[in-house]
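A.B. asks: Dropping a structure here in structure tokens format, bear with me for questions.
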4 protein chains.
Amino acid sequence: MVIVMQEGVSEETVAHVVAVLRGDGFEAHRSDGKSRTVIGAVGVNVEVDPRKYQLLPGVHEVVRITEPYKLAGRKFQQEDTVVRLGDVAIGGPEVVLMAGPCTIESLEQVETLAPLVKAAGAKIMRGGAFKPRTSPYSFQGMGKEGLQIIRRAADKNGLKVVTEVMDASQIELVSEYADILQIGARNMQNYTFLKALGQTRKPILLKRGMSATIQELLLSAEYILAGGNRDVILCERGIRTFENFTRNTLDISAIPVLKSLSHLPVVADPSHGTGIRDKVPPMARASVAAGADGLLIEVHHDPDRALCDGAQSLLPDQLKALTKDLKTIAAVLGRTFA
Amino acid sequence: MVIVMQEGVSEETVAHVVAVLRGDGFEAHRSDGKSRTVIGAVGVNVEVDPRKYQLLPGVHEVVRITEPYKLAGRKFQQEDTVVRLGDVAIGGPEVVLMAGPCTIESLEQVETLAPLVKAAGAKIMRGGAFKPRTSPYSFQGMGKEGLQIIRRAADKNGLKVVTEVMDASQIELVSEYADILQIGARNMQNYTFLKALGQTRKPILLKRGMSATIQELLLSAEYILAGGNRDVILCERGIRTFENFTRNTLDISAIPVLKSLSHLPVVADPSHGTGIRDKVPPMARASVAAGADGLLIEVHHDPDRALCDGAQSLLPDQLKALTKDLKTIAAVLGRTFA
Amino acid sequence: MVIVMQEGVSEETVAHVVAVLRGDGFEAHRSDGKSRTVIGAVGVNVEVDPRKYQLLPGVHEVVRITEPYKLAGRKFQQEDTVVRLGDVAIGGPEVVLMAGPCTIESLEQVETLAPLVKAAGAKIMRGGAFKPRTSPYSFQGMGKEGLQIIRRAADKNGLKVVTEVMDASQIELVSEYADILQIGARNMQNYTFLKALGQTRKPILLKRGMSATIQELLLSAEYILAGGNRDVILCERGIRTFENFTRNTLDISAIPVLKSLSHLPVVADPSHGTGIRDKVPPMARASVAAGADGLLIEVHHDPDRALCDGAQSLLPDQLKALTKDLKTIAAVLGRTFA
Amino acid sequence: MVIVMQEGVSEETVAHVVAVLRGDGFEAHRSDGKSRTVIGAVGVNVEVDPRKYQLLPGVHEVVRITEPYKLAGRKFQQEDTVVRLGDVAIGGPEVVLMAGPCTIESLEQVETLAPLVKAAGAKIMRGGAFKPRTSPYSFQGMGKEGLQIIRRAADKNGLKVVTEVMDASQIELVSEYADILQIGARNMQNYTFLKALGQTRKPILLKRGMSATIQELLLSAEYILAGGNRDVILCERGIRTFENFTRNTLDISAIPVLKSLSHLPVVADPSHGTGIRDKVPPMARASVAAGADGLLIEVHHDPDRALCDGAQSLLPDQLKALTKDLKTIAAVLGRTFA
């Protein structure tokens, strides 16, 4: 932390700030310039709220100089984290495709989609059994039955499963059926839940909150990592802006920024990020071109009848055509795809 | 729902849309203009995703014409909901002050503050025992001991208690000690939690999410109301914008908008809404002038030593001075204060 | 500027940064802590882009410690600027009402409104002769004829005139008829225009851009002040956020923030800030309660037939009723109104 | 426009709305459903403000059904507009690179950069002679001398020139030296300026305002097109969001959205869009992958000494390496690059 004093303050005022800092366990170093004094405060007191020092008499500005996350940072771990599920590796040289319906609707739906998803190059099948819905009157998911359906269909087709957990109370149940636990954007700062996820040993796919900053996403990952679970996958899924043509604004620049700040894998969700089917392929291409480690894409064989988000689901053929493009783009970055 | 067709589409195309709508359980009424056809769809199918119809051939635009919330709306209930806690009524003619520290730190702190808060005109004491913190390394609250401390101090001073619940698993414990359960901004769309809150009979103070729209806040309230708990108090606490001078941007206009859309009481939190002590009084005055039913204000007798948010806490004397101003402003709106 | 070095960098690396700073005309002061070195750079080089130093090897973070504006700041001038127009003073003890139609439509309209506006307590009449319209096909204003109409009506009723200038080429013409030149939100960062305004001696009412930060508003004011025109009035008129129920989000907290950072008068425009007639009175009350020096309010005697923004215009009787409320609220802050 | 009436309103109320619509020159078609009446209003009255009808008694909602722009829309012109400058075509099969320094600093600088830019595959050289700066104390550009320098250097190297015009008064001068007139984000809604640009016959590169919606960008283009200048190039350069790690948030999804709504060419500016040198290559790749018709990239041979935006400028070698990647990605979309 650096404390910049106002111009022309008395020696006493500076001494008071130094004393407060030392009382809080900081080492304090003064640098007296012609017009201002700057105090460098070094310490391990992670509880500190910089605004406290801001209010001391004579203080002009307080600046944090350390990122508040540790385990999630590149400083803590230089090499990329690779999350491994059998022969599937997320964060390694392969860009991994996770595809499937928004919501699990029936045995027939999932069994129709699974081989199509596999054929398009996906390694992991997605599909929600528990659905967070803005309205209490919307379809809330098939629950346990849905989990059983997707697990069976995935196994039959050599796919892994990623599906959403909405609450600490569901962790145990979902863990029985899923390979990766997905945490929705609305739960990104549900801290008691994050702590519980830190106690599991299942990989976590953590979606960025709708208005979360990159730093907040990393701090939420930190909650899980601090609990001992090191397999966290970050997911950019669009942020809320004033632009309403698209459902959200997929923040593609978050991909290279996260890759440089953190060692964790970063995937993108162009389906939720745009909300419009024909915008999914360009944004999928853009995500891979920007360095994403994977993609989460909604696909449905009959989107007009989908119970949820049909409007943003690709048709299986569209997904297949897209895969071909992504292979070439991944190669530009020295990576493979599908 | 109104479906506006593109110009010059064929009769067949229109007929197809009408057929789809009827298949989904809607009554469909056509209006054929010179250049366009408009189809009015009336139904009770609340599951509908308007984007589904958007994708049908020949459709120009789909417009929802009903608010997706019901119980929270003025249409469902004309007269204001008044939440009653013994002799305290929130949503009635009195503008109610809820004040106290950000976090419960010690017996001594709470016992010092309670009589000061009471003297300043507060009817309800606030103070967190469980704290949602962005960093896993920050102080996370005193838990049960904190709840016991605030309950005792409030009782001794004739105050009610509002305190945060972070998770469904804490509802029972917190309900033993608190009169109002506060739901934090980060939990506003934690739907399994909202459903659990619908099952309790404790009043709920529901904070608006950092980037939630007014409609989303009402839909979250709807989750609680739909469970049978009708005592929901809405709280504006600042939204995230590009302006960074203040911690958040307190959306004062949400107060009159919520009051006209909904019958639920609306309170404002100028402490979190600004994050800066000397901006709390002007924003508290503005909130009451705009029609708030109550205020949630952080106060601390020794904010320099506060474990949390000292920078935005008023001193007890500042709160008292503010109370005087608020009394006069409340009177302008035909209301009382403190 | 404070340069925080990375942990564990070599003496050489630090020396290089110091050398670069000195080469750019800075005085550089080192403070060597146990794990980090911090360099304080003091200078008068206002051109500096902090990102330049950010890129030097070994640099962890660069922090600006001086506000980039000067003449607009409280440091430059402690006492409030009061803009005087004959017997009207903006920024003094009186909260000043500026009211009138969005756009000047006809002689009859303005002559009907002027005495009503005066009777409601306004000191200044507003009304646009040149209108910035999002669509090129919308009504663009009456131009010079409109200016003549509003001037005559204002004079007859003892009112001053504020009206918009859209371009440097219009300054001379509008200055003939207006007492205050209004600069629209879309022109807030039109720098060649701001420089031209600095050369006039007419008071300027500068509206905050739709997504401008408070600091950017002050920097735009600085352009005018630096040209020698010291009569600048700042105007909060709503910022763009994800909330779409209101046309914009009136950032009431900007009022106390601007009042503490700057000595310039601050007025609020609740008509554009909300875009909805029945939300104007609560937001006008809130603005005065938060410390505004004045209000800019749209009023129309026949809003259903207004050519522009009728939906956000108050009826004259509504304005009169509001005035009564504002008088009492202004008194709470030790001020007068109307 | 579609007017949705409230439930259960009287026949008289509906008749009044119909009468008002007809009075305003609309054809009005009624559709009476079981619980609601919907009125379709068709007309050519482009001045209409939908909020006017919103305020009529009994009206539930008013919905616009036509885009307010015409000439910029795909409906007006199906085939892509291709802007031609001799042998360079923007909007055709080639993705065009425009590169150069942020600001023209000296003859030596431009003469050093021009051949490097050419060698990297650029067809057009960029460089500002007039600079819009947030602070009045920052370097404001070399003016006419700068224009002469860039023109000469471009000619010598077989490059075209794009450079910013800040004001109607500069159009004539800049047109003498430039092939494309660039309009900055802060001027996107400077309507008198846009009208003047409609009168020139130089191609215009119109940057999206920092918080402009896609529709507003198209309406600003409409101002220029309506004046008779059909050579407008749209430019996505980043929007303002709450995320502050990057200078702006480059809205990559705006590229495919603009390409489907409009026939005008769309280019991206990843330099201003991110503000950070090492984020420019991934975002340039993403822009081309999403379908951009061109890129505007800042490059400097000595960015540490650049007078402006050195931190976001690529080194010439970095640009060259990037070009290779972009060639392959462009091919995925069936296009060429450089």
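A.B. asks: Looking at (1) in a loop (DSSP other than H, G, I, E, B); (2) within 14 Å of chain D (Cβ to nearest Cβ), find the lone condition where residue C:271 falls short.
C.D. replies: (1)
A.B. asks: For the stretch C:308-323, what are the residues that are assigned to a helix (DSSP H, G or I) and within 14 Å of chain D (Cβ to nearest Cβ)? So that I can check it myself, show each step before the final result.
C.D. replies: So in the stretch C:308-323, the residues assigned to a helix (DSSP H, G or I) come out as C:310-312, C:316-323.
Answer for the stretch C:308-323, where residues must be assigned to a helix (DSSP H, G or I) and within 14 Å of chain D (Cβ to nearest Cβ): C:310, C:311, C:312, C:318.
A.B. asks: A further question follows. Looking only at the stretch C:274-286, which residues are more than 7 Å from chain B (Cβ to nearest Cβ) and out of contact with any Leu (no Cβ under 7 Å at 6 or more places or on another chain)?
C.D. replies: If the condition is that a residue be more than 7 Å from chain B (Cβ to nearest Cβ) and out of contact with any Leu (no Cβ under 7 Å at 6 or more places or on another chain), then C:275, C:276, C:278 are the ones that fit.
A.B. asks: Please tell me if residue C:205 is out of contact with any helix residue (DSSP H, G or I) (no Cβ under 9 Å at 6 or more places or on another chain) and within 24 Å of residue C:327 (Cβ to Cβ).
C.D. replies: On the way: out of contact with any helix residue (DSSP H, G or I) (no Cβ under 9 Å at 6 or more places or on another chain): yes; within 24 Å of residue C:327 (Cβ to Cβ): yes.
The answer is yes for residue C:205.
A.B. asks: Only residues that are surrounded by fewer than 23 Cβ atoms within 10 Å (Cβ to Cβ), within 12 Å of chain A (Cβ to nearest Cβ) and not acidic (Asp, Glu): list them for the stretch B:287-307, please.
C.D. replies: B:303, B:305, B:306, B:307
A.B. asks: Whether any residue in the stretch B:157-169 is more than 21 Å from residue B:264 (Cα to Cα), in the same structural domain as residue B:232 (by TED's automatic domain parsing), surrounded by fewer than 24 Cβ atoms within 10 Å (Cβ to Cβ) and at pLDDT 95 or above is what I want to check.
C.D. replies: yes
A.B. asks: I would also like to ask the following. Surrounded by fewer than 24 Cβ atoms within 10 Å (Cβ to Cβ), assigned by TED's automatic domain parsing to the domain that holds residue B:98, over 14 Å from the mean Cα position of the chain (by Cα) and at pLDDT 95 or above: is that true of residue B:202 in this structure? Don't jump to the end; show me each part of the working.
C.D. replies: On the way: surrounded by fewer than 24 Cβ atoms within 10 Å (Cβ to Cβ): yes; assigned by TED's automatic domain parsing to the domain that holds residue B:98: yes; over 14 Å from the mean Cα position of the chain (by Cα): yes; at pLDDT 95 or above: yes.
In short, yes.
Residues are listed down the side, and each one gets a yes or a no for (1) modelled with pLDDT under 95; (2) on the phi < 0 side of the Ramachandran plot; (3) touching an Asp or Glu at 6+ places or on another chain (Cβ under 8 Å); (4) outside any helix (DSSP H, G or I):
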site: D:243; (1), (2), (3), (4): yes, yes, yes, yes
site: D:252; (1), (2), (3), (4): no, yes, yes, yes
site: D:258; (1), (2), (3), (4): no, yes, yes, no
site: D:291; (1), (2), (3), (4): no, no, no, yes
site: D:295; (1), (2), (3), (4): no, yes, yes, yes
site: D:301; (1), (2), (3), (4): yes, yes, no, yes
site: D:325; (1), (2), (3), (4): no, yes, no, no
site: D:331; (1), (2), (3), (4): no, yes, no, no
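A.B. asks: Residue under question is residue A:217, and the condition is that it be over 15 Å from residue A:97 (Cα atoms), crowded, with 24+ Cβ neighbours inside 10 Å, within 12 Å of chain B (Cβ to nearest Cβ) and in contact with a Lys or Arg (Cβ under 9 Å, 6 or more places away or on another chain); does it hold?
C.D. replies: So residue A:217 passes the test.
A.B. asks: When only residues in the stretch A:308-338 that are crowded, with 17+ Cβ neighbours inside 10 Å and of a type in the set (Val, Ile, Thr) count, which is farthest from residue A:111 (Cα to Cα)?
C.D. replies: A:332
A.B. asks: Find all pairs meeting these conditions: Cβ atoms under 8 angstrom apart; at least six residues apart or on different chains; first residue within the stretch A:119-145 and within 9 Å of chain B (Cβ to nearest Cβ); second residue among the basic types (Lys, Arg) and part of a loop (DSSP other than H, G, I, E, B).
C.D. replies: Between residues of the stretch A:119-145 that are within 9 Å of chain B (Cβ to nearest Cβ) and residues that are among the basic types (Lys, Arg) and part of a loop (DSSP other than H, G, I, E, B), the close pairs are A:138/A:131; A:139/A:131; A:139/A:133; A:140/A:131; A:140/A:133.
A.B. asks: Of all residues in the stretch C:238-268 being among the charged types (D, E, K, R) and more than 7 Å from every other protein chain (Cβ to nearest Cβ), which is nearest to residue A:247 (Cα to Cα)?
C.D. replies: The extreme case among them is C:247.
A.B. asks: Could you count how many residues in the stretch B:91-141 are under 18 Å from the mean Cα position of the chain (by Cα) and surrounded by fewer than 18 Cβ atoms within 10 Å (Cβ to Cβ)?
C.D. replies: 1
A.B. asks: Starting from residues that are in contact with a strand residue (DSSP E or B) (Cβ under 6 Å, 6 or more places away or on another chain) and under 28 Å from residue A:134 (Cα atoms), keep the ones in the stretch B:75-90 and report whichever is surrounded by the most Cβ atoms within 10 Å (Cβ to Cβ).
C.D. replies: B:90
A.B. asks: I'd like to check which strands (runs of 3 or more DSSP E) are fully inside the stretch C:1-90 and have at least 1 residues that are at pLDDT 85 or above, closer than 26 Å to residue D:102 by Cβ and over 35 Å from the mean Cα position of the chain (by Cα).
C.D. replies: It comes to C:59-63.
A.B. asks: Given (1) buried (at least 24 other Cβ atoms within 10 Å of the Cβ); (2) out of contact with any helix residue (DSSP H, G or I) (no Cβ under 7 Å at 6 or more places or on another chain); (3) more than 30 Å from residue B:216 (Cβ to Cβ), where does residue C:239 come up short, assuming only one miss?
C.D. replies: Here residue C:239 clears every test but (3).
A.B. asks: Additional query: Any residue that is without any contact (Cβ under 8 Å) to a residue 24 or more places away in the chain, in the same structural domain as residue B:279 (by TED's automatic domain parsing), of a type outside the set (Gly, Ala, Ser) and outside any helix (DSSP H, G or I) - is there at least one of those in the stretch B:220-238?
C.D. replies: no
A.B. asks: Identify, from the list D:174, D:232, the residue that is within 14 Å of chain C (Cβ to nearest Cβ), at pLDDT 95 or above and under 22 Å from residue D:93 (Cβ atoms).
C.D. replies: Details: D:174 fails: under 22 Å from residue D:93 (Cβ atoms).
So the residue among D:174, D:232 that is within 14 Å of chain C (Cβ to nearest Cβ), at pLDDT 95 or above and under 22 Å from residue D:93 (Cβ atoms) is D:232.
A.B. asks: To continue, here is another question. Counting just the residues of the stretch B:177-197 that are modelled with pLDDT under 95 and of a type in the set (Ser, Thr, Tyr), which one comes out surrounded by the fewest Cβ atoms within 10 Å (Cβ to Cβ)?
C.D. replies: Checked the stretch B:177-197; the qualifying residue surrounded by the fewest Cβ atoms within 10 Å (Cβ to Cβ) is B:192.
The values are calculated or read from the model by the stated rules, or taken from the named source; none is laboratory data. As the structure is a prediction and not an experimental result, all values here were calculated from the model. Heads up, the Cβs are rebuilt from the backbone with ideal geometry, glycines too, and the neighbour counts pull from every protein chain shown.
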